[in-house]
Every structure is written in structure tokens, then in C-alpha cells.
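Report on the structure given below.
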Amino acid sequence: MAGAAQRIDRAGALPAAGGGEIVLACRGLRRDFGGFTAVKDVDLDVRHGEVHALIGPNGAGKTTVFNLLTKFLQPTAGTITLMGADITRTSPSRVARMGLVRSFQISATFPHMSVLENVRVALQRPAGLATQFWRSLSALEQLDGRAMELLREVGLDDARDLQAADLSYGRKRVLELATTLALDPKVLLLDEPMAGMGHEDVGTVAAIIRSVARTRAVLMVEHNLKVVADLCHRVTVLQRGEILAAGDYAAVSTDERVRTAYMGTDHG
């Protein structure tokens, strides 16, 4: 996958913070489960043209925050806005149509379909073809041009005819990213996109995320701190459901509270 990464962007330096428009925000976000508060008073601003990392130890509330932002869970208190619109009580499907799209840790590709077919299926909804079951398969060929553009963007154009099941684990995750991009997200939420990947695959996916973030906002949960340091403009650290620290990586990584709670006091 190294060649694909080189075609996209192999610059290892942290991209400059764009200071773009805030496209996703929450204020006072809280979620209670019975007598347990999983998320408490979380304020977050995600900006266009930037990669924003949400990190913290296991059980810190990262996944709960993702579920609240994408409306898989309703907040107990607080507000969420997307592109200036209040989405606090909006349904998950409506939020997705508005441009807030999430990927998951578990790959969600169709294993016995080709790489091209997987992306073409993802393109059916934005093309208005998702519910037109009476159309012949040949009618979907109109989507092939855009599907190939997406495959070239992520470096999978050489695998268009392979079954998804035959891809390596890292390339399956790249295909999942391509199908997510097919929904044309304004804000892309990535849940541990590097989980289980080898070093080469991590570099490829990081390069893809860096590239796609130029034209949208990216919020990601990620445990690989080298990736966070190299890729992310801003970092928010959670502990026990509350914000422990926020800022660029240099600032949060030298915060003694963060070093103790998450990175370990010996982290360099």
C-alpha cells in the first residue's frame, strides 16, 4: 500500500491548523445511565479543514460522545449543532443526510461483492437510487465514474474487480473509508481507524485522512498517539466522561494530568 500512500500525500509533518469554520459543536453535553454519568459537561468545537482527535483511557466516554453526536444516543442534557443547525433531537438518519457520517471499528463492507460494487452501493443513496429496486443492475453503471474517482482517491483503483473478502485487513479498512466518503460527508467521524493495522497500513490511512480533511472536518477516536501527534490539529482528552485537557498535541502531551491519566508519566 506504500505506493498508494505516496500518490496521496506522504508529508509527515503536522498540517497547520486552518482555523476554519466550526461545523460541529456541542455545549454542556451530558449522558446519564441510571445513576451513572458517562459524559458530563462536554464542550467541543470541530472545524472545517481540520482533524480533531478525541482521546482518553478506556472507559473515558469517547464512544458515548460519538454516539451522542451521531444521535445513536440522546443526551440527558446539552445541545449539539451541525452547520449551525440544532440537531440535539434529530434522528440519526436525518443527521447522516445533513452530512454527519460515521465509520465504525468493525469493517462494514460486503465481502462477496467487488471493491467497485461496494462503493457503487454506497453511492446509491446520494444519487437517489437507494430505494429504486426495480431498476436493472445496468442502470447502476452510471455510478461507476464517481466510484472510480473515490477508489483512486484512496488508492484502491487497482483492486476494483477484487472481492472485498480478498483484500488485506488494512485495505478493507481503506475500502470502508471510500464507502463512507461516497456519502459526501461534511463532517466525518472515525472510530479508531488505525485499530489492528500494521505500520505500513497506518501510514497509508493517515495519508488518506490528511487528504480528505482538506475539504471537510474530521473527528476521530484514536489510540495510536504517534498518529495523533502527526495528523491532528486539535486534541481533546477525556477522563471519566469529562474533558481533562484540550489544545494541540504539544500542549496536551505535556500536561501532567494527561501524562498521568492516559499516556503514562514516562511518555516522551
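Across the range 232-262, the number of residues qualifying as out of contact with any Pro (no Cβ under 8 Å at 6 or more places or on another chain) and either assigned to a helix (DSSP H, G or I) or assigned by TED's automatic domain parsing to the domain that holds GLU153 (or both) comes to 10. Within the range 68-93, the residues that satisfy the criterion of being part of a helix (DSSP H, G or I) and either among the aliphatic types (A, V, I, L, M) or crowded, with 20+ Cβ neighbours inside 10 Å (or both) are LEU68, LEU69. The residue list GLN142, GLN105, GLN132 contains one member that is part of a helix (DSSP H, G or I) and at pLDDT below 90, which is GLN142.
Results for (1) surrounded by 21 or more Cβ atoms within 10 Å (Cβ to Cβ); (2) on the phi < 0 side of the Ramachandran plot; (3) in contact (Cβ under 8 Å) with a residue 60 or more places away in the chain, shown as yes or no for each residue.
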| position | (1), (2), (3) |
| --- | --- |
| ASP191 | no, yes, yes |
| GLY196 | no, no, no |
| ALA217 | yes, yes, yes |
| LEU231 | yes, yes, yes |
| LEU238 | yes, yes, yes |
| LEU244 | no, yes, yes |
| ASP255 | no, yes, no |
| ALA261 | no, yes, yes |
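Listed by first and then second residue, the pairs with beta-carbon distance under 7 Å, at least 6 apart or on different chains, first residue in the range 48-77 and under 17 Å from ARG216 (Cα atoms) and assigned by TED's automatic domain parsing to the domain that holds ASN224, second of a type in the set (S, T, N, Q) and modelled with pLDDT under 95, form an empty list.
The values are calculated or read from the model by the stated rules, or taken from the named source; none is laboratory data. Remember, predicted model here, so these are calculated numbers, not experimental data. Heads up, the Cβs are rebuilt from the backbone with ideal geometry, glycines too, and the neighbour counts pull from every protein chain shown.
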